[in-house]
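Here is the structure we will look at, set down as structure tokens.
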Amino acid sequence: MTNTVNQTTIAAIATPPGRGGVGVIRLSGPKAYSIAQVLTQKDLPKARFAGFRQFFDDQGEVLDEGLAICFPNPNSFTGEDVVELQGHGGPVIQNALLTRLLELGATAAKAGEFSMRAFENGKMDLVQAEAIADLIDATSQAAARSAVRSLQGVFSNKVNTVLEKLIHLRLHVEAAIDFPEEEIDFLADGKILSLLEEVQTSVAAVQQSARQGQLLREGLQVVIAGKPNAGKSSLLNALAGNDRAIVTDIAGTTRDVLHEKISLNGLPITLTDTAGLRETGDVVEKEGIRRAIKEIEQADLLLLVYDLSQGENPLELAQNYFENHLDYKRLILIGNKCDLTDQSAELNDLQGFRHITVSAKQDVGVQVLIDAITAHAGFQPEEDTFIARTRHLDAMKRTQRYLAEAHEQLVVYHAGELVAESLRLAQNALGEITGDFSADDLLGVIFGSFCIGK
Ligand SMILES: Nc1nc2c(ncn2[C@@H]2O[C@H](COP(=O)(O)OP(=O)(O)OP(=O)(O)O)[C@@H](O)[C@H]2O)c(=O)[nH]1
Ligand SMILES: [Mg+2]
């Protein structure tokens with residue numbers, strides 16, 4: 001925590017743009033009170049009490065009227081002096097009020113600047129600041145609930161518990177190095193090794209929960225591909241539960257890429273329908289196929305659909321089109337139109353590939369497929385799942401790598417100094433999650449993605 005003292009006083013409209021009964025403008029910084037006083041031409045209300053005030057322009061004309069509420073530092077969202085002005089929620093009046101505050105010496109807040117100041121002043125850590133953004137952006141109840149849990153510190157506490165263990169371990173290692181005559185004995189007595197392994201296990205456990213939280217936040221990209229008329233669009237409709245995509249018996253119906261955001265067993269999914277893959281001279285279709293291949297390459301999971309009634313070999317299809325594009329672990333083969341054959345809907349294995357027979361049209365086997373998709377993602381949200389981001393998982397991966405290095409240096413080489421250095425790097429990587437060790441550019445990236453007024 002840097003505890004920087006900000007000299008500027010920032011202002012922003014905190015409520016969403018548009019019309020509403022109330023519009024809130026936030027002011028934060030050393031001049032928040034004096035600016036609000038000039039604006040209202042009156043003493044400010046008592047701390048945390050709402051006071052009715054008129055808001056004046058530079059000519060002494062009333063711009064708007066409403067409530068002013070003061071939050072003195074350090075007991076405010078940002079930790080600075082904060083004034084909230086609750087006027088009427090129209091874009092013109094809100095902008096006029098904001099312009100007036102800028103005239104009086106405030107600076108327009110950048111995206112995420114209020115949260116950044118809250119972080120800098122130790123009001124919350126990075127995970128909690130990110131959780132606010134995730135809560136606001138949550139697209140499902142489950143995502144919102146887990147964002148609240150992160151905001152309340154569930155994730156941060158887990159990280160901090162591991163950090164404490166890691167620091168404790170480092171103290172042991174540093175002590176061993178400080179007594180060179182006994183260093184080897186120290187390193188070999190098993191205590192350090194068992195502490196290290198305990199830290200590795202703890203990081204793995206947090207990693208496992210964070211992976212669930214990241215899935216909840218970022219969802220899974222699932223792409224449907226296959227030959228024309230295999231029933232790809234029908235499958236998208238069956239999974240989405242509505243008639244989103246056009247279905248006809250004409251081969252080559254879908255030409256463009258089509259995205260649909262859905263939730264399967266609580267897991268957010270972006271489902272993508274693509275043009276049927278075949279050799280063609282048609283320029284439009286060719287472009288559609290080029291785009292389809294691009295989607296396939298970026299998919300977390302590919303559903304390769306084929307028509308059971310055509311007696312095709314799906315593995316040939318997979319090889320023809322995806323040899324150079326596909327990691328086969330990301331593939332489920334789907335035999336569609338089982339209603340036209342004597343096959344029943346089922347999940348089985350086809351030469352090591354997951355294989356499911358369904359009827360998209362008759363909605364047979366679709367739930368089996370849904371379960372296979374969420375199982376593929378390893379999605380098993382628990383009661384206390386917290387929201388997490390790729391950034392957090394990356395930091396944990398690096399932590400694990402440094403811990404593994406420390407383990408090797410300890411067990412194989414008994415090299416105390418190297419163990420210590422790897423552990424220091426592990427601590428830095430883990431500390432990045434909550435912001436204990438965060439570079440300024442990382443902070444810029446994180447807070448820059450927030451919205452203004454937050
Ligand atoms: N009997 C039966 N017909 C199906 C099934 N699924 C799709 N069809 C039919 O197969 C034809 C093609 O379906 P689509 O969903 O448009 O196939 P597609 O793979 O999207 O085709 P393109 O967009 O042309 O690549 C339509 O006439 C569907 O009604 C099924 O499970 N059973
Ligand atoms: Mg289609």
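Computed from the coordinates by the stated procedures, all read-outs in this text should not be read as laboratory data. The structure displayed is predicted, hence computed values, not measured ones. Please note: Cβ atoms are built from the backbone with ideal geometry, for glycine as well, and neighbour counts cover all protein chains shown.
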Once R0 is set to 56 Å, what does the formula 1/(1 + (r/R0)^6) return for the Cβ-Cβ distance between ILE452 and ASN242, expressed as a FRET efficiency to the nearest 0.05?
0.95
How big is the antiparallel share of DSSP beta bridges in the chain, given as a percent to the nearest 5?
60 percent
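Which peptide among 148-160, 88-100 comes first, and what is the full order, when sorted by highest mean count of other Cβ atoms within 10 Å?
Result, highest mean Cβ count within 10 Å first: 148-160, 88-100.
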Tell me, what HN-Hα J-couplings in whole Hz come from the Karplus equation 6.51 cos²θ - 1.76 cosθ + 1.60 at θ = phi - 60° for each residue of the stretch 406-412, using x for Gly and Pro?
4, 4, 5, 5, 6, 6, 8
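With +1 on the Cβ of every Lys and Arg and -1 on the Cβ of every Asp and Glu, and nothing else charged, how large is the dipole of the stretch 211-350 about its Cα centre, in debye rounded to the nearest 20? Working shown, then result.
Details: 15 positive and 22 negative charges, 105 e Å.
Using Cβ point charges on Lys, Arg, Asp and Glu, the stretch 211-350 gives about 500 debye.
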All other residues with a Cβ under 15 Å from the Cβ of PHE114 taken together, and with Lys, Arg as +1 and Asp, Glu as -1, what is their net charge?
-1
Highest first, please rank the peptides 112-118, 16-22, 292-298 by the mean number of other Cβ atoms sitting within 10 Å of their residues.
112-118, 292-298, 16-22
Charged-residue dipole, Cβ positions (Lys, Arg, Asp, Glu), the stretch 10-124 about Cα centre, Debye nearest 20
320 debye
By DSSP, what percent of the beta bridges with both residues in the stretch 10-124 are antiparallel, rounded to the nearest 5?
90 percent
GluC sites (Glu not before Pro) restricted to the stretch 24-99 and DSSP loop, no more than 11 other C-beta within 10 Å:
GLU61
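How big is the Kirkwood radius of the stretch 221-377, worked out from every pair of different alpha carbons and given in Å to one decimal?
In the stretch 221-377 this quantity evaluates to 15.3 Å.
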Taking 0.36 nm per intervening residue step and subtracting the Cα-Cα distance, what contour gain separates GLU287 from THR253 on full extension?
10.9 nm
Semi-axis lengths, Å, the chain, gyration tensor of Cα atoms, sqrt of 5 times eigenvalues:
49, 38, 17
Where the centre of each part is set by its Cα atoms, how far does the stretch 266-310 sit from the stretch 146-193, in angstrom?
48 Å
Report the label-to-label distance for GLU61 and SER344 in nanometres (one decimal), using points 7 Å from each Cα along the Cα→Cβ vector.
7.9 nm
